[in-house]
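Student: Okay, handing you the structure first.
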Amino acid sequence: MFLRMLVRAAVLRRGRAAAALLAMMVAAAVTTAMLNLYVDVQAKLHNEFRNYGANVIVLAKNGQSLPGHALQTIDSVLGGNGVAVPFAYVVARTVDGQPVVVSGTDLDQVRKLDRWWSVTAWPIREEDALVGTRAAALVAPQGQAFDLSFHGRTVRLNPVGTVRTGSSEDSRIYLSLSEFENWTGVKPSTVEIAAAGSAEEVDATVQRLAQALPEAEIRPVRQIMEGEARVLGKTHRTLLVCVLLIILTAALCVLSTLMGWVFDRRRDFAIMKALGASERLIGGFFVTEAAVLGAVGAVVGFGIGVAIAAWIGRVNFHAPVVPRFAVLPEVLAGSIAVALVASILPVTLLRLVQPATILRGE
Amino acid sequence: MFLRLVYESFRRQKRRKLLAGAAIILGVGVATAMIAVATDIGDKVNRELRTFGANLVVTPQEDTLDLQIAGVDLKAPSDGAYLDEGDLPKIHGMYWHNNIVGFAPVLPVVVNVGGATNVTLLGTYFSKDLSFGREEFQTGVRAIYPWWKVSGAWPGDDSQDVLLGERLAAGLGRKTGDEIDIGSQAHRVVGVLSTGGVEDDQIVAPLAVAQSILGRPGAVRRLYVSAVTKPEDAFARRDPKSLRGPEFDRWYCSPYVQSIAYQLQESIPHSHAEQIRQVAQNEGTVLARIKGLMLLIALAALLAAALAVSAAMATALFERRGEVGLMRALGAGSVSIAAIFFAEALLLAVLGGSVGFAGGAMLARMVGRSIFDSQITVDVVLFPIVIAIAVLVSFAGSALAIRRAVQFDPVYALRGEA
């Protein structure tokens, strides 16, 4: 009987029930989307901040070179969660005896790590060099091949492109690491790492690196880490306020719709009461109805909300937001709670009124 | 008659009007706050992005190459050209000087400190008092490098006190309060500096100390400038020499990093200003992501607010079918009935909207104050827009309910049968 009443009530008053369900669904969808975004946005923004380049630097102690296995060790510690680029440096002389810093590195990795480098053309062949704009004016003003000497050994390099960064890179010449080692015999002394993840994850990476490479110094780049933490923290707090406001508004929307829906059916209430149903039964009926509505709305809304969050992720971050099913119970509980409040309130009010008054239409 | 109907409806149905009004106040408040936050967040985050440090560097025009490896400067101090310290306050006379968060000159010199040879001593401003014309201002590394931490005290810019980098201090076994001999002069260590960068191996001193060690008063090797800029676009990248008249003026008067560099070059003679691409180039992307995110969220908030308002209006009207039935039974046409309800909705939207706007403005201010330490002001231009949206949304919410109420047979409505 109870079930039948529930079903008939939903079927017979399709219009109002659909309107209430719609409000419920929209509210649940918006809430789900916001919660999903709120959880995921941190990771997305951390990714954006990795454009700033290295946040951890591994340095050989006392101006020595790093051990040969250093890069493999670092790569295995990172486990694919980051980019590590080795750098070796020497001061070489040009033909006129001018000193210039030459660096050997993995240029393909540099391209991934330092995306702000403005490079005219990346070297392809071994003897190709990438020349800083200021160094280019000195060694190869016309873009011709030039000689560099280091400890009596001379190498001829072909400047295929220039790099402009606005800092010390502009005064350097970059070569592939193998060509550099053939020429100078100097091994990398620095590895720059862009470790992915939150501040805690990066800290953990630093710890693991320090354990794996006791012979080197591991320095987090505070300039990058602190700036990132600060901007992210503030964005996240703003987001939290916004998400709370939106959820509040959505809850209000559901509350007013559902309350209207229950109030609207005060005649049903009065008839049941006049026919001798107990207040508990009637209250239970309305409350169950609202809870079912809330649950159905929440589940459907959850699906829509996940889609919205994925869309926002795609549009804004060019990567979809992964749906978090951990949010579902929260949305479900929240929706049912709001639905219960929305039904209990009018039912308590109706209880005070004589059925005859309601049935008379007053 | 019309006015009286509306007036009496407000006077007698206070509960319903309050409920609908509350929905409008909350909806408009949330919408106002969200619009204000979303439009202002770009500015606020841009300021926060300055915690990444200087985005411009000014060097002498005729400089020799830098010989820096891992932050250690190998260049002979006599080498290369210098900027003149006396020119620095002129930065405050630039067109975009309000966008300059701060600047710090640096002069690295190589010194021997009891036990350690070839230590870099970096001369700079900490928080130097400068004046340009009648304007007084302070600037230095404390303004542009917020991640520099000092245990102890910051040295005065006119003192002989120095900071020791933390690794250097550990290596030398010196601590705050010790005296160290640099060259032949004794300097007091007032603090230990930790930056997580190359400065940890250096001595950082007031600029004048470095200049006297070098024997070149007024010399500055480089100048770091931190400026709030507008993200770069295609127009920003154009060569100022190729721009004509009004185009050049527009370029010059936009706070692009390029135009600020151009103006720095103008105000400091014989200088070359360049953007530090690591900082300058990434600001734009981060800013665009955060702004885009807030915009989409503001849209979601507007949607939720609009739904809440229209749902409240619809609910309030559904309850009044009996009234509509009575009016129709007394011979009122559907147009005049709709007019009454729309007038009520208009009144509610304007009243509730105004209160909501004020509340939303306060909310936005609170968000700005508590999160960004600066105010988010709500533009007054927003007021008519927000009210218009509130009116539209409450009309939309009412319209369907009114249509159904008017179509409903008055006999059933009066009998109370829905």
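The values are calculated or read from the model by the stated rules, or taken from the named source; none is laboratory data. All figures in this text were calculated on a predicted structure; none of them were measured in a lab. A quick note on method: Cβ atoms are made from the backbone with ideal geometry, for glycine too, and the neighbour counts reach across all protein chains shown. For the accessible areas, the whole protein counts, side chains as well, though only heavy atoms, and no ligand, DNA or RNA atoms are used. Shrake-Rupley method; radii C 1.70, N 1.55, O 1.52, S 1.80 Å.
Student: If A:ALA199 satisfies all but one of (1) among the small types (Gly, Ala, Ser); (2) closer than 19 Å to A:PRO86 by Cα; (3) within 14 Å of chain B (Cβ to nearest Cβ), what's the number of the condition it fails?
Tutor: Of everything listed in (1) among the small types (Gly, Ala, Ser); (2) closer than 19 Å to A:PRO86 by Cα; (3) within 14 Å of chain B (Cβ to nearest Cβ), A:ALA199 misses just condition (2).
Student: Kindly check whether there is at least one residue in region B:101-113 that is of a type outside the set (Phe, Trp, Tyr), within 14 Å of another protein chain (Cβ to nearest Cβ) and either touching a Cys at 6+ places or on another chain (Cβ under 8 Å) or closer than 23 Å to B:ARG174 by Cα (or both).
Tutor: There is at least one residue in region B:101-113 that is of a type outside the set (Phe, Trp, Tyr), within 14 Å of another protein chain (Cβ to nearest Cβ) and either touching a Cys at 6+ places or on another chain (Cβ under 8 Å) or closer than 23 Å to B:ARG174 by Cα (or both).
Student: Within region B:223-235, which residues are within 27 Å of B:LEU83 (Cα to Cα) and among the small types (Gly, Ala, Ser)?
Tutor: Across region B:223-235, the qualifying residues are B:SER226, B:ALA227.
Student: Which residues, taken from region B:154-195, are closer than 10 Å to B:PHE126 by Cβ and among the aliphatic types (A, V, I, L, M)?
Tutor: Passing the criteria: only B:LEU163.
Student: Which members of region B:268-302 meet the condition of being open to solvent by 20 Å² or more (accessible area, probe 1.4 Å) and more than 26 Å from the chain's Cα centre (by Cα)?
Tutor: Selection gives B:PRO269, B:HIS270, B:HIS272.
Student: Another question, then. Out of region B:149-167, which residues are buried (at least 22 other Cβ atoms within 10 Å of the Cβ) and either among the acidic types (Asp, Glu) or within 14 Å of another protein chain (Cβ to nearest Cβ) (or both)?
Tutor: B:GLY165
Student: Hey, another quick one. In this structure, is A:VAL95 under 21 Å from A:SER167 (Cα atoms), open to solvent by 40 Å² or more (accessible area, probe 1.4 Å) and over 33 Å from the mean Cα position of the chain (by Cα)?
Tutor: No.
Student: Surrounded by fewer than 19 Cβ atoms within 10 Å (Cβ to Cβ) and in contact (Cβ under 8 Å) with a residue 24 or more places away in the chain: does that describe A:ARG156?
Tutor: The answer is yes for A:ARG156.
Student: With the condition kept exactly as written, say whether any residue in region B:173-196 is part of a helix (DSSP H, G or I), open to solvent by 10 Å² or more (accessible area, probe 1.4 Å) and closer than 16 Å to B:TRP154 by Cβ.
Tutor: Among the residues of region B:173-196, not one is part of a helix (DSSP H, G or I), open to solvent by 10 Å² or more (accessible area, probe 1.4 Å) and closer than 16 Å to B:TRP154 by Cβ, which makes the answer no.
Student: Which of the residues that make up region A:306-348 are in contact (Cβ under 8 Å) with a residue 60 or more places away in the chain, surrounded by fewer than 17 Cβ atoms within 10 Å (Cβ to Cβ) and within 12 Å of chain B (Cβ to nearest Cβ)?
Tutor: Result: A:ALA319, A:LEU345.
Student: Select the helices (runs of 4 or more DSSP H) contained entirely in region B:321-418, then report the ones holding at least 1 residues which are under 33 Å from the mean Cα position of the chain (by Cα), touching a residue at least 40 places away in the same chain (Cβ under 8 Å) and under 25 Å from B:ALA308 (Cα atoms).
Tutor: Qualifying helices (runs of 4 or more DSSP H): B:334-367, B:382-407.
Student: Here's another thing I want to ask about it. Residue pairs, Cβ under 8 Å, 6 or more apart or interchain, first in region A:160-181 and closer than 21 Å to B:LEU67 by Cβ and outside the structural domain of A:THR105 (by TED's automatic domain parsing), second assigned to a strand (DSSP E or B) and open to solvent by less than 40 Å² (accessible area, probe 1.4 Å). List them.
Tutor: Nothing qualifies.
Student: How many of the residues in region A:106-142 are open to solvent by less than 70 Å² (accessible area, probe 1.4 Å) and within 25 Å of the chain's Cα centre (by Cα)?
Tutor: Residues that pass the stated criteria total 6.
Student: Which is open to solvent by less than 50 Å² (accessible area, probe 1.4 Å) and more than 11 Å from every other protein chain (Cβ to nearest Cβ), of B:LEU3, B:LEU88?
Tutor: Exactly one of B:LEU3, B:LEU88 is open to solvent by less than 50 Å² (accessible area, probe 1.4 Å) and more than 11 Å from every other protein chain (Cβ to nearest Cβ), namely B:LEU88.
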